[in-house]
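Undergrad: Got a structure for you, written out below as structure tokens; questions coming shortly.
We did not get these values from a lab; they are worked out from the coordinates using the rules stated. Just so it is clear, the structure is predicted and the values come from calculations on it, not from any experiment. So basically every Cβ, Gly included, is an ideal-geometry build from the backbone, and we count neighbours across all protein chains shown.
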Amino acid sequence: MAYRNAGGEKCLEVFCELFPHADLFTLLHIPGKVSGTIERMAIYTSFIQKIPMATRKYRTLLPLFPTAIERFDLSGYDLVFSSSHCVAKGVIPRPDSLHLCYCYTPMRYVWDMYPQYFPKEKRGLFNKIMIPPAATYLRMWDTASSSRVDSFIAISHHVAKRIEKYYNRTSEVIYPPVDGSFFQRKNQEDDYFLVVSALVPYKRIDLAIQASNRSGFRLLVIGDGPEEKNLKQMANKNVEFLGWQSPNALKEYYARCRAFIFPGEEDFGITPLEAMASGRPVIAYGKGGVLETVIPLNDSTGIWNSGDEPTGVFFHEQSPESLMNALRFFEKSGSQFNPEALRRHALKFDLPIFKEKIVAFVERKLQEWVNHDHRRRRFRAETA
């Protein structure tokens, strides 16, 4: 079975494993589109689920999302754990409950990536009139609703800075996991470069396709999305679109590629780690979350020490020319990447480490909440 299992879904799957008896609230649920671990939860959906065509046109319903998330009744829960990239952190918990949020990003659609999601040149007259005020409302709601969270976890230091900028809140960083026991390196290498991504504008898959068109290298694209038709139209025959693949098939594609191409700016980016866990190097746009996961051979950008073994190559302009220069550099220096070192580096983000850190965070915050509640009750008793 093939389904989209992006970084957020993979983290949610882990949360479901850690809290299997929890109730799961979501705006929209499409059966068969998530893993069995998630499907086995008690799932409650919002009124968005009942809107005709919502499963296909849910992006157009974005202005309704705040109202939908606020209508969930969470009055019976002492602990609320939100997994949020859009509006989940805006639920309304009981005043004396504890709300912890694992935040993938502040609502990127209306903050720093607003121009990419809603380019002026692609808007009709109706959207040109309606989108700006809707975005203003969503920004105000996104900021205001952040106060409903007691403690934030950010997926990267890059996101932690954005949480501080837009919400004026601090956060603890716990990196998303890569399943090191699932992804394995192999000695066989085929002749293709690989992209694994939702096909949406900000992912910049067009750069990989244009570079492939000009240089003639074979490129495999795994994923789908609203940009698929446009990307196929610009691609030459050496670019193959495979749609979403089953986990086992995806594992094989990772393990046999020459290198993994990551041309967009991401808040974290789990796919480069999956490639590295498979012993394959990464060619990435050197901005955003990859600065915290990829050790570049060609410069000192990032958080890593010069003594660390390299795991990839960066390019620094989102242009086909810059990506092609990185590919040429890779061709000359590809032998410097040690598959075992690549895998060892990826295992610093391994799944058991993530689980341990999440459980420790929740237990610590629960203990602080209990202690605070006891102090509050004692103060009330002493002043009565």
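Undergrad: Rounded to a whole number of µm²/s, how large is the Stokes-Einstein D of segment 192-348 at 4 °C and 1.567 mPa s, given Rh as the Kirkwood radius over C-alpha pairs?
TA: 85
Undergrad: Against the longest alpha carbon principal axis of the chain, how many degrees, from 0 to 90 and to the nearest 10, is the axis of helix 125-145 turned?
TA: Once rounded, one gets 60 degrees.
Undergrad: Then there is this: For the chain, state what percent of all Cα-Cα pairs lands in each successive 10 Å bin, counting from 0 Å until the bin that includes the largest distance.
TA: With 10 Å bins starting at 0, P(r) equals 5, 21, 31, 25, 13, 3, 1, 0.
Undergrad: Then there's this: So, R0 is 22 Å and r is the distance between the beta-carbons of Val370 and Glu164; what FRET efficiency does that work out to, to 0.05?
TA: Rounded to the nearest 0.05, the efficiency is 0.20.
Undergrad: Let me ask you something else. In degrees, nearest 10, range 0 to 90: what is the angle between the Cα axis of helix 351-383 and the longest Cα principal axis of the chain?
TA: Taking the Cα atoms of the chain, the angle to 351-383 is about 20 degrees.
Undergrad: Can I ask one more? Let's test the formula: R0 of 30 Å, r as the Cβ-Cβ distance of Ala134 and Asp73. What FRET efficiency results, to the nearest 0.05?
TA: 0.70
Undergrad: Among Glu266, Glu17, which comes first, second and so on when ranked by fewest other beta-carbon atoms within 10 Å?
TA: Ranked by crowding around the Cβ, least crowded first: Glu17, Glu266.
Undergrad: Which distance in nm do the two modelled labels at Glu240 and Thr55 give, with both placed 7 Å along the Cα-to-Cβ direction?
TA: Modelled inter-label distance: 3.0 nm.
Undergrad: Test of understanding: in a Gaussian network model of the chain with alpha carbons linked when under 10 Å, which of Lys365, Lys355, Lys128 would top the mean-square fluctuation ranking?
TA: Lys128
Undergrad: Follow-up. May I ask you to sort Thr26, Thr311, Thr55 by Cβ crowding, counting other Cβ atoms within 10 Å and putting the fewest first?
TA: Exposure proxy ranking, most exposed first: Thr55, Thr26, Thr311.
Undergrad: Can you tell me the 0 to 90 degree angle between the C-alpha axis of helix 205-215 and the longest principal axis of the chain, rounded to 10?
TA: 10
Undergrad: Follow-up question, since we're still on this one. Test of understanding: what is the full-extension gain from Ser147 to Asp299, defined as 0.36 nm times their sequence separation minus their Cα-Cα distance?
TA: 50.7 nm
Undergrad: Given R₀ = 22 Å, FRET efficiency for Ser97-Ile43 by Cβ-Cβ distance, to 0.05?
TA: So the FRET efficiency works out to roughly 0.60.
Undergrad: Here's a follow-up. Roughly how big is segment 235-291's charge dipole about its Cα centre, with Cβ charges of +1 (Lys, Arg) and -1 (Asp, Glu), in debye to the nearest 20?
TA: It comes to approximately 280 debye.
Undergrad: If you don't mind, there's one more thing I want to ask. May I ask you to compute the full-extension gain from Glu356 to Glu331, defined as 0.36 nm times their residue separation minus their alpha-carbon distance, rounded to one decimal in nm?
TA: Residue separation times 0.36 nm, minus the Cα-Cα distance, leaves 5.1 nm.
Undergrad: Still on this structure, please answer the following. Cα-Cα over 27 Å: which of Lys161/Lys348; Lys203/Lys229; Lys50/Lys357?
TA: Over 27 Å apart, Cα to Cα: Lys50/Lys357.
Undergrad: Counting other beta carbons within 10 Å of each Cβ, put Leu297, Leu61 in order, fewest first.
TA: Leu61, Leu297
Undergrad: As a test of the formula, what do you get for the chain when each DSSP H run with n ≥ 4 contributes -39,500 (n - 2.57) and the sum is divided by the residue count, at 222 nm and rounded to the nearest 500 deg cm²/dmol?
TA: Taking each H run of at least 4 residues, the total per residue is -12000 deg cm²/dmol.
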